[in-house]
Structure formats: structure tokens, C-alpha cells
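Here is the structure we will look at.
The values are calculated or read from the model by the stated rules, or taken from the named source; none is laboratory data. What you are looking at is a predicted structure, and each value in this text was computed from that prediction instead of being measured. Cβ placement follows ideal geometry from the backbone for every residue including glycine, while neighbour counts extend to all protein chains displayed. Just so you know, the surface numbers come from the protein's heavy atoms only, side chains and all, with ligands and any DNA or RNA stripped out. Shrake-Rupley method; radii C 1.70, N 1.55, O 1.52, S 1.80 Å.
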Amino acid sequence: MEHGCVRVHEGWRHGVRMVSARSVFDRMPIRDAISWNLMISGYATSGDVEAARSLFDDMDQKDVVSWTAMVSAYAKIGDMDSSKVLFDLMPVKNLVSWNAMITASNHNSRYDEALHTFQQMMIEGRFMPDEATLVSVVSACAQLGSAEYCNWVSSYISKSYTHITVALGNALIDMFAKCGDVGRARSIFDRMEKRCIITWTTMISGFAYNGQIREALLIYNEMCRGVELDDTVFIAALAACAHGGLLQEGWSIFKQMVEHYGIVPRMEHYGCMVDLLGRAGKLQEAVQFIESMPLKPGVIIWVTLLSSCIAHGDAELTEYVSTKVVEIEPFNSSYQVLVSNCSALEGRWGSVLDARKTMRDWGIEKTPGSSLIQVGTVHEFLAKDTRHQKRKLIYETLDGLIAIIRHSEHTP
């Protein structure tokens with residue numbers, strides 16, 4: 001609540017400053033491109049895109065800075081369609097404008113578009129990518145988890161003799177780890193002349209993400225010998241312990257964080273410990289741990305424990321934890337469906353009907369999940385999807401595969 005008030009106050013202060021700035025701007029007898037661009041950027045920063053666009057449309061001599069500011073302004077509010085239209089209309093582009101469009105696509109989770117924009121820039125051949133370009137592109141590859149893109153970008157960086165800076169190195173480690181090539185991630189880590197706390201954290205998470213828990217803890221122990229630690233790296237280390245089921249090591253790291261480094265645990269640290277206890281089957285201990293927390297447990301804490309209760313078949317605790325989840329987030333469709341499914345697994349059909357009735361009465365609809373697959377480009381699919389241009393061929397192929405499975409002697 002306190003942080004929200006600070007943001008509102010800062011927004012209000014920025015709004016007041018923009019009113020004063022506009023007053024000065026309107027009284028200026030002569031305005032150059034710099035003054036126009038400063039006003040557009042100011043409105044964009046404050047989130048007033050309409051005011052920024054109004055000024056942009058009134059400009060007689062728009063330059064690349066003006067266009068780029070508006071591209072970023074629309075992207076900031078999530079209007080990527082308007083951002084893309086303006087970008088395509090730009091009469092002149094520079095490297096900053098290309099970077100702005102790539103970064104905008106990343107921030108709006110349009111990673112395939114980010115890579116497509118980068119490819120367009122390379123095809124035009126007027127600008128060589130800089131560190132900012134490559135970090136954005138590598139980050140997009142990491143989010144897509146595409147080995148094809150990863151290899152292509154990695155090959156380009158190697159052939160262009162690009163210096164591996166800390167930011168680029170961190171992005172490459174993350175990319176290779178998420179693509180399953182933790183060996184190359186470690187190679188980048190070892191080659192880096194300088195490292196920051198993010199480098200170590202990313203490497204620990206990379207090993208853990210790929211199931212190499214002992215290697216993750218070796219990196220953590222190495223880091224403890226000469227690096228100033230922050231609270232984020234402990235989240236990575238505790239998460240590694242949780243994934244590996246290393247209860248004793250997890251408790252040791254948690255105590256080390258509090259007692260030796262004097263770091264006050266955040267909700268994420270408590271969540272890792274609940275996950276660790278739950279996966280180890282220490283369900284009652286996990287409940288006691290949650291109820292003794294100095295922070296009020298959020299819904300994610302209880303949902304984490306709920307998964308463990310289901311996995312270990314503890315029906316009584318599953319019902320108790322389900323109640324906690326619904327109490328905290330009664331109108332969250334995903335949690336309502338999760339609780340309903342838990343009740344169904346245990347045969348408590350009355351609870352299933354109650355959950356569905358609550359969703360119906362309150363107009364709660366489940367946000368559909370989606371799957372991604374890369375075949376040339378990245379394709380997204382929802383359940384019973386009818387949007388894809390080749391949907392007829394896709395469904396015919398699926399029906400054919402299902403028919404083969406049903407007639408197979410070794411049905412999965």
C-alpha cells in the first residue's frame with residue numbers, strides 16, 4: 001500500500017510538472033524540435049499518450065526522436081498495434097528507433113516480433129547492432145526457448161567478435177540455460193572478465209532450471225567466498241534446493257541468509273521454504289512455518305503448499321489449504337478452477353459444484369491457457385482454437401494421430 005501511495009504521489013507530482021511545462025511551452029515565441037520532443041517525451045513518461053500524440057500531430061517538422069518517442073509511448077501502455085503502425089510509417093530510422101521497437105516488443109511479450117524486427121534491421125543493413133540491440137534480442141530468444149534462434153544469435157555474436165559485456169553475458173547465460181544448453185551457459189560464465197551479482201544469480205538459476213542442483217550449489221558456495229550477496233541470490237539458491245529436494249541444505253542457506261548476512265526474508269524466500277518443505281512431504285511443518293511467518297502469507301504461498309498436498313495425497317490438508325486459497329482470492333478464476341479440480345480428485349463433488357456456482361454467479365471466467373510451438377515462426381494455440389490460418393489441416397492431422405493412437409496395441 002505504501003509503495004502504491006508513493007507511485008501515485010510521484011505520478012501526481014509529474015502531472016503537476018507537466019502542467020507547468022506546458023504553460024511555459026505555450027508561451028514560447030519560437031519552438032524548436034528539441035522543445036517539442038521534450039514535451040512529447042514528458043507526456044509519454046507520465047502516461048498521457050493522448051496529449052503526446054496531439055503534440056506529435058501538431059509538429060510541422062517531425063524528426064526521428066519525435067517518432068521514436070511516440071513508438072515508445074504507445075508500447076508503454078501496451079498498444080503495440082499503434083506502436084508498430086508508427087514505426088512502419090517512420091520516414092527515417094536510426095539504431096535507437098530500431099532498438100526501441102525491439103525492446104517494446106519484448107516488454108509486451110511479443111518475442112517473435114522482436115526477433116522479426118531485428119531480422120528486418122539486419123536485412124536493411126544500414127546499422128550494426130550495439131550492446132542494447134543484442135541484449136534485447138538474446139532476451140527474446142531466452143523467453144522463446146528456441147534452440148534455433150539461440151544458435152543463430154550466438155553464431156552472429158561469435159563471428160562479429162562482439163565483446164561480452166556484463167549485461168550481454170548475463171543475457172547469454174540466461175538464454176542458453178533456458179534453451180537447455182547449460183554447458184554453453186557455463187562457458188560464457190567462465191569467459192566473462194567481470195561479473196555482477198546478477199551473473200551469479202543467473203548461473204545458479206540456470207543450473208537449477210536444468211536439474212543440475214549440486215552444480216548450482218557449488219556456484220553458490222563459490223560466490224559466498226568473495227562476492228557481496230543480496231536477497232535475490234538467496235531466492236535462486238533456495239529454489240534450487242526446493243527443486244532438488246535438498247531439505248537440509250535449504251534450511252542451512254535460509255539460516256545463513258538471516259543470521260550471517262542479516263537479510264530480512266521476503267515473501268519469495270518464505271515461498272521457497274514452503275515449497276521445499278512441501279516437496280519433502282513435511283506438510284504439517286510447512287503449515288506451521290506459514291502460520292509463524294512475520295508477514296501475512298499471500299495466496300501464492302498457500303497455492304504452493306496446495307500442490308504438495310495433492311502430490312502427497314493428504315486429503316485433509318488439501319481441503320484446509322483450498323479454503324485458505326479461496327478466502328484470499330475468491331474472484332481469481334485460475335485459483336477457483338484449481339480448488340475445483342482438487343475437490344474433484346478427492347470425490348468431493350459438492351465442493352466442485354459450489355466452486356462452479358460461485359464462478360457462474362460472479363461472472364468469473366477462466367483465462368484460457370496457451371501453448372507455443374516454433375515451426376519457422378512461433379505459433380500460439382488455445383484449447384479449441386479456431387484462429388490459425390491452417391486450422392483445418394492442423395485438426396485433420398490431430399484427428400489422424402488420435403485415430404492411430406486408439407488403434408495401436410500400445411496405447412499410452
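Can you flag which of Lys84/Lys194; Lys178/Lys324; Lys159/Lys194 are past 27 Å Cα-Cα?
Numbers: Lys84/Lys194 37 Å; Lys178/Lys324 33 Å; Lys159/Lys194 22 Å.
Over 27 Å Cα-Cα: Lys84/Lys194; Lys178/Lys324.
How charged is the neighbourhood of Ser83? Take every other residue with its Cβ under 11 Å from the Cβ of Ser83, and add Lys/Arg as +1 and Asp/Glu as -1.
Values: positive: Lys76, Lys84, Arg110; negative: Asp79, Asp81, Asp88, Glu113.
Result for the local shell: -1.
Taking θ as phi - 60°, what are the ³J(HN,Hα) couplings along the range 201-211 by the Karplus curve (6.51, -1.76, 1.60), each to the nearest whole Hz, with x for Gly and Pro?
My calculation for the range 201-211 gives 4, 5, 5, 4, 5, x, 5, 5, 4, 9, x Hz in order.
Which order do peptides 233-241, 215-223 fall in by mean Cβ count within 10 Å, highest first?
On the way: 233-241: 25.3, 215-223: 18.9.
Top of the packing list down: 233-241, 215-223.
Once you place label points 7 Å from the Cα toward the Cβ at Ser187 and Ser158, how far apart are they in nm?
With each label point 7 Å from Cα toward Cβ, the separation is 0.6 nm.
Rounded, prolate or oblate: which one fits the range 211-328, using the alpha carbon gyration tensor with axes a ≥ b ≥ c (rounded when a/c is under 1.5, else prolate when a/b beats b/c, else oblate)? Let's see the in-between values first.
Details: a/c = 2.66, a/b = 1.71, b/c = 1.56.
Since a/c reaches 1.5 and a/b is larger than b/c, the shape of the range 211-328 is classed as prolate.
Tell me, what HN-Hα J-couplings in whole Hz come from the Karplus equation 6.51 cos²θ - 1.76 cosθ + 1.60 at θ = phi - 60° for each residue of the range 295-310, using x for Gly and Pro?
Ordered by residue, 3J(HN,Hα) equals 9, 6, x, x, 5, 4, 4, 5, 5, 4, 5, 4, 4, 5, 4, 5 Hz.
Take Ser54 and Val96, extend 7 Å from each Cα along the Cα→Cβ direction, and tell me the distance between the two endpoints in nm.
2.6
Could you order the peptides 165-173, 18-26, 132-140 from most to least packed, using the average number of other C-beta atoms within 10 Å per residue? Intermediate values should be presented prior to the final figure.
On the way: 165-173: 22.0, 18-26: 12.4, 132-140: 23.7.
Descending mean neighbour count gives 132-140, 165-173, 18-26.
Got a number for the accessible area of Ser109? Probe 1.4 Å, square angstrom, nearest 10.
Ser109 has an accessible surface of roughly 80 Å² with all protein chains in place.
How many percent of the accessible area of the range 75-193 is carbon or sulfur, using a 1.4 Å probe? Don't skip to the end; give the middle numbers.
Details: 2920 of 5580 Å².
Percent of accessible area from carbon and sulfur atoms in the range 75-193: 52.
Skipping prolines and chain starts, which residues have an amide H placed within reach, meaning under 5 Å, of the one on Cys179, given they are 5 or more residues away or on another chain?
Hits under the 5 Å cutoff: none.
Please work out the C-alpha center-to-center distance from the range 271-313 to the range 127-148 and express it in whole Å.
37
Calculate one ³J(HN,Hα) per residue across the range 72-87 by plugging θ = phi - 60° into the Karplus curve 6.51 cos²θ - 1.76 cosθ + 1.60, and present them in order as whole Hz with x for glycine and proline.
With the stated coefficients, the range 72-87 comes to 5, 4, 5, 5, 4, 9, x, 8, 6, 5, 5, 4, 5, 4, 5, 4 Hz.
Report in % the part of the accessible area of the range 20-72 that belongs to carbon and sulfur, leaving out ligands and nucleic acids; probe 1.4 Å.
Working: 1540 of 2920 Å².
Roughly 53 percent, rounded to a whole number.
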